[in-house]
Amino acid sequence: MSFVETKLSELEEKLGYKFKNRELFYRALTHTSYAFEKKEETENYEVLEFLGDSVIGLIVSEKLIERFPDKSEGELSQIRAFLVSEPSLAKLARSIDLGKFILLGKGEIKSGGKQKDSILCDVFESIFGAIYLDSDFKSAKKVFENVFLDKMWQILEETKTYKDYKSYLQEITQRDFKTIPQYRVIKEKGPEHSKEFTVECRVNEYVSTACGKSKKEAEQLAAEKMLEKLGIL
């Protein structure tokens, strides 16, 4: 058995699901950087990620309705958005050490790609897209329930707010300061395909800064730090 096949089998054991279509499983773990380096007809996980995003969204929606039958549509939407966000799905991915199974190019490995929230989230979604295509929605749901559901509820219970930090901060500042936070990029570094952004968040005399792999991520982290500075978190 090849090294890759050994890894695939190990991950199947963690998921409690055996793929009928091995090529589909292989593709679910293949990052664009790996496919590019191989210089062959190797497909990456991006289309499966797109599908898996919807599969996971439906599973989480069903579970939220079961667990919180009295919550409004608006509240359920906010909780779902938090649970299917990049940081939350990356935590679920780490619960099975998913990073060690992802096929990355050498450059992406050197830059710590196996532990990047963005990549972990993408591959987590692509796996559920692959399970859906390999079998059906029922199988994907069963894997989620058996392996990740308890961890998902734990993430929800441990969070101080399930609203995204930017929205939550704006609610607080409008209420308490009659103003809204101001964000600006103060630094960019790295090559185009792997930039890091430093963003400043300002609320009156209060200032926080944070770095992220995208402006959106950096803004969320800066908002989180501002909430901490204001004593909200």
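The values are calculated or read from the model by the stated rules, or taken from the named source; none is laboratory data. Keep in mind it's a predicted model, so treat the numbers as computed, not measured. Virtual Cβ from ideal backbone geometry, glycine too; neighbours counted across all protein chains shown.
Criterion first (modelled with pLDDT of 90 or more, surrounded by fewer than 20 Cβ atoms within 10 Å (Cβ to Cβ) and under 17 Å from the mean Cα position of the chain (by Cα)) does residue 163 satisfy it? Here the answer is no, as residue 163 does not meet what is asked.
What number of residues within region 210-233 satisfy the criterion of being crowded, with 19+ Cβ neighbours inside 10 Å and outside any helix (DSSP H, G or I)? The qualifying residues number 2.
Against the numbered list (1) over 18 Å from residue 157 (Cα atoms); (2) part of a loop (DSSP other than H, G, I, E, B), residue 69 comes up short only at (1). Condition check for residue 156 on (1) hydrophobic (A, V, I, L, M, F, W, C); (2) in contact (Cβ under 8 Å) with a residue 24 or more places away in the chain; (3) in a strand (DSSP E or B): one failure, at (3).
Cβ-Cβ distances below 6 Å connect the following pairs, each with a first residue in region 6-29 that is farther than 15 Å from residue 125 by Cβ, a second residue that is assigned to a loop (DSSP other than H, G, I, E, B), and a separation of six or more residues or different chains: 12/18; 14/96.
Per this entry, residue 59 is counted among residues that are assigned by TED's automatic domain parsing to the domain that holds residue 109, β-branched (Val, Ile, Thr), in contact with a Lys or Arg (Cβ under 8 Å, 6 or more places away or on another chain) and at pLDDT 90 or above. Condition check for residue 80 on (1) of a type in the set (Lys, Arg); (2) in contact with a Leu (Cβ under 7 Å, 6 or more places away or on another chain); (3) closer than 17 Å to residue 119 by Cβ: one failure, at (3). Answer yes or no as to whether residue 202 is of a type outside the set (Phe, Trp, Tyr), part of a strand (DSSP E or B), modelled with pLDDT of 95 or more and more than 23 Å from residue 117 (Cα to Cα). Yes, satisfied. Listed conditions (1) in a helix (DSSP H, G or I); (2) not assigned by TED's automatic domain parsing to the domain that holds residue 112 are all met by residue 179, apart from (1). Determine which member of the set 52, 16, 74, 99 is of a type outside the set (Asp, Glu) and on the phi > 0 side of the Ramachandran plot. Selected residue: 16, the only one of 52, 16, 74, 99 that is of a type outside the set (Asp, Glu) and on the phi > 0 side of the Ramachandran plot. Condition check: in the same structural domain as residue 57 (by TED's automatic domain parsing) and more than 18 Å from the chain's Cα centre (by Cα). Does residue 204 satisfy that? No; evaluated as a whole, the condition is false for this residue.
Screening 129, 112 for residues that are of a type in the set (Gly, Ala, Ser) and on the phi > 0 side of the Ramachandran plot leaves exactly one candidate, 112.
Going by the structure shown, is residue 20 among the basic types (Lys, Arg) and in a loop (DSSP other than H, G, I, E, B)? When the stated conditions are applied, residue 20 passes them.
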